[in-house]
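Undergrad: Got a structure for you, written out below as structure tokens; questions coming shortly.
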């Protein structure tokens, strides 16, 4: 797209129009070749059109191929108007899409499909040539013209557009690979069920950046519980329901997440606890409330095993002790 | 003389790295016999692979992952029966179900193959002599349908058509996605022939659909498009023998009606590979050896039984019935 946009701007410059290219000195050789494209293509087209008209005028079977000839001329004139537009100053950009309104370069490239060779059982099927006598001079001229238009006029811009598309597709393919490796393989089957149900109607190019968590097992340790100095054993539980975001800029590795937590009943508790858990990358922080056997309610701060390891944190310590140990060990 | 890239999309199950070699050798040999020149000078075969992605899923215990995703009770029951029977088909069918129901796996395959197919499409506008022929077989037809549709939805169809796609044992309909119906009106899938309307975003110039009448796979919910342009070509043939696998890729290509059309697409030579040539080839092919009376009766019975079947569960059951009856 960009090369074509610059091509349009530079064409405008050559024709005396304003544009960002005006600051540049003479363009390099390859660019100069590009700048000639509309003029050269128009000359080729005009040449081919004249030859076709002459061939048709001298064709003894011209009545039989008239409809075909008219159709080809209509196509040529449409292409000619697109090429003429390429020599004009660039059209305004659409604010929403950032694309040029009625972008003539795009129109020339789109014409490419019209000029593709149609090779069916009958090789003359192009433009319905199967209805026409094979030895007609008009048909022979049309065949030459088709090859010339396809190769010299519509081919180059179509190739440029496809090159840009190929780059987009490669990036998308790599992103899906990352998503599959880092996001979906961490899911449990029942989570896949929920996510597949939610994703089912998405277009396949919209790679999800968020997945649902459902009954996702989690383990952690109690880091702090009120004023009590004692801390409980490691806790097992599950995120009943939650959301996990993935970071496309980090190959779809987990970024933030949030979930409702339920933990299994720990020793000395009357019932299992509930709480909230927030995750960031590999680490999880949470708060949990449960009721002890004597009826008191206890609120505990939780961290994941990963984070506990990071702190060199053994399950029998409180967070305060762990942090103070960390401070002591880091003091010279 | 066109320079052709011939791309293969394989079918179900684990594939040999040279799965397309026998077909390629056959085409080279036929071209030498008919046109008197070496096909290898102008055509390059390329085999695409995606079975490794299914293998990863299988190693992770695919049925356990897939079970909750299979939103089709009939298909789930059929696959569980198949697992219990320990039939060789189980792994193959599991791939089909993974393709149909596991969106991340499907999307990963589609994007991988789309990125691989794109360079071949890119070569087309560079010269009028460049040509591309895509051959899909079995599950590969569904994969090719989705890959081509994906390329179409990403704007490729605005600038370029794929000259020819050959679908052998087309299952694109029975495995179609809810959001990408293979052809049901108003034909939202872009893997269909172009109507020559400048606004039409179809991806193909020619669509060839080849079906072996004796192959059970394309029997259920057959690919029968409504009004398509005349660049849609359908071939139905019969090939059979005591030792012939009716669903095999090579079985399909060995049918004269298939290889003549395939070579016509590759060489873009409608004079050498004309309809008259196809008739000649057909007459020169030795008649297929008949089935035994008992197997023939069984085949007729199954074909009648599943004639109007249209579900994925039926598709799996039919495959199993053929396997159990030793028709496969």
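Undergrad: May I ask you to list the residues of the range A:264-294 whose amide nitrogen lies under 20 Å from a point 7 Å from Cα along the Cα→beta-carbon direction of residue A:258?
TA: Under 20 Å, as judged by backbone N against the label point of residue A:258, lie A:274-289 of the range A:264-294.
Undergrad: Now, a different point. Can you compute the FRET efficiency between residue A:210 and residue B:16 using 1/(1 + (r/R0)^6), with r the Cβ-Cβ distance and R0 = 41 Å? Round to the nearest 0.05.
TA: 0.55
Undergrad: On a C-alpha basis, how far is the centre of the range B:291-320 from the centre of the range A:80-100 in Å? Whole number, if you could?
TA: Each part reduced to its Cα centre gives a spacing of 58 Å.
Undergrad: Please average, across the residues of B:100-108, the number of beta carbons from any other chain that are within 10 Å of each residue's own beta carbon, and give a whole number.
TA: Per residue, the average neighbour count from other chains is 6.
Undergrad: Then there's this: What's the average, rounded to a whole number, of partner chain beta-carbon atoms within 10 Å of each residue's beta-carbon in A:177-184?
TA: Taking the mean over all residues of the peptide, I get 3.
Undergrad: May I pose another question? Which of B:148, B:70 has the fewest other C-beta atoms within 10 Å, and how do the rest follow up to the most?
TA: B:70, B:148
Undergrad: Another one. For residue A:181 and residue A:267, what is the calculated FRET efficiency with R₀ set at 45 Å and r taken between the beta-carbons, to the nearest 0.05?
TA: Taking R0 as 45 Å, the efficiency between residue A:181 and residue A:267 is 0.70.
Undergrad: Which of rounded, prolate or oblate describes the range B:170-225 when judged by the alpha-carbon gyration tensor and an a/c cut-off of 1.5?
TA: Here the range B:170-225 falls in the oblate category.
Undergrad: Based solely on its DSSP helices, what 222 nm [θ] is calculated for chain B when runs of n ≥ 4 H residues each add -39,500 (n - 2.57) and the sum is averaged over all residues, nearest 500 deg cm²/dmol?
TA: -13500 deg cm²/dmol
Undergrad: Okay, moving on. Distance in nm between label sites at residue A:250 and residue B:35, each 7 Å beyond Cα in the beta-carbon direction?
TA: My value for the distance between the label points is 5.5 nm.
Undergrad: So, by mean Cβ neighbours within 10 angstrom, what's the order for A:54-65, A:162-173 with the highest one leading?
TA: The packing order, highest mean first, is A:162-173, A:54-65.
Undergrad: Count the DSSP beta bridges whose two residues both fall in the range B:3-324, then state the antiparallel fraction as a percent rounded to the nearest 5.
TA: Of all bridge pairs located within the range B:3-324, approximately 5 percent are antiparallel.
Undergrad: Using Cα pairs under 8 angstrom and six or more residues apart, how large is the relative contact order of chain B, in percent?
TA: 19 percent
Undergrad: Using Cβ counts within 10 Å as a stand-in for footprinting exposure, how do B:285, B:311 rank, fewest first?
TA: Fewest-to-most ranking of B:285, B:311: B:285, B:311.
Undergrad: Rounded to whole Å, give me the distance from the Cα center of the range B:46-60 to that of the range B:241-280.
TA: 29 Å
Undergrad: For peptide B:264-272, what's the mean number of Cβ atoms from other chains within 10 Å of each residue's Cβ?
TA: Average per residue, whole number: 3.
Undergrad: Assuming R0 = 56 Å, what is the FRET efficiency of residue B:293 and residue A:296, from their Cβ-Cβ distance, to the nearest 0.05?
TA: So, using R0 = 56 Å, E works out to roughly 0.10.
Undergrad: Subtract the Cα-Cα distance of residue B:201 and residue B:80 from 0.36 nm times their separation in residues, and report this length gain in nm to one decimal.
TA: 39.5 nm
Rule-based calculations on the coordinates, nothing more; no lab input. Note that this is a predicted model, so its numbers are computed, not measured. Note that each Cβ is placed from the backbone with ideal geometry, even for glycine, and that neighbours are counted across all protein chains shown.
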